[in-house]
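Read the figures in this text as sums done on the coordinates, not as results from a lab. What you are looking at is a predicted structure, and each value in this text was computed from that prediction instead of being measured. When we count neighbours, we look across all protein chains shown, and the Cβ atoms used for this are built from the backbone with ideal geometry, even at glycine.
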Amino acid sequence: MKLITAIVNKKDAAGVCGALRKEKFFFTKLSTSGGFLGEGNTTLLIGVEDEQVKGVLEVIRLHCQKRMEPMPAIMGAEAGYPAFNYTAAQVLVGGATVFVTNIEHFEKF
């Protein structure tokens, strides 16, 4: 048995969850946020048999797309005094970070 921990962008979460339900994979959904950009994520905990891992990974891969999005950036002080100019930098977001862990023991009550 395996535990798949999938961290997906909040914009991709609905599509991934819907596809997992359609394929009859059970999961627990947690609202999380990223440490670097502080943006919203969804972390999915998915317990499956070893032979189901490939199917779950394919569902995640198909529904998590990387894309460029504008992210506010602060430009520094000029002429010796603080001046904040907000500009938009393009940042790559989306996709998924997935961990597959062996499970030694499992019980469901």
*Once the piece of chain linking residue 31 and residue 3 is laid out straight, how much longer is it, given 0.36 nm per residue of separation minus the C-alpha distance between them?*
8.3 nm
*Using the per-residue mean of other Cβ atoms lying within 10 Å as a proxy for protection, in what order, highest first, do the peptides 3-11, 99-107, 48-56 fall?*
3-11, 48-56, 99-107
_Neighbour cut-off at most 13 other Cβ (10 Å), DSSP loop, chymotrypsin sites (Phe, Trp or Tyr not before Pro), the stretch 10-69_ = 26, 36
*In range of the label at residue 100: residues from the stretch 49-72 whose backbone nitrogen is under 13 Å from the point 7 Å along Cα→Cβ*: 49-61
*Using 0.36 nm per residue of separation minus the Cα-Cα distance, give me the extension gain between residue 71 and residue 49 in nm, one decimal.*
4.0 nm
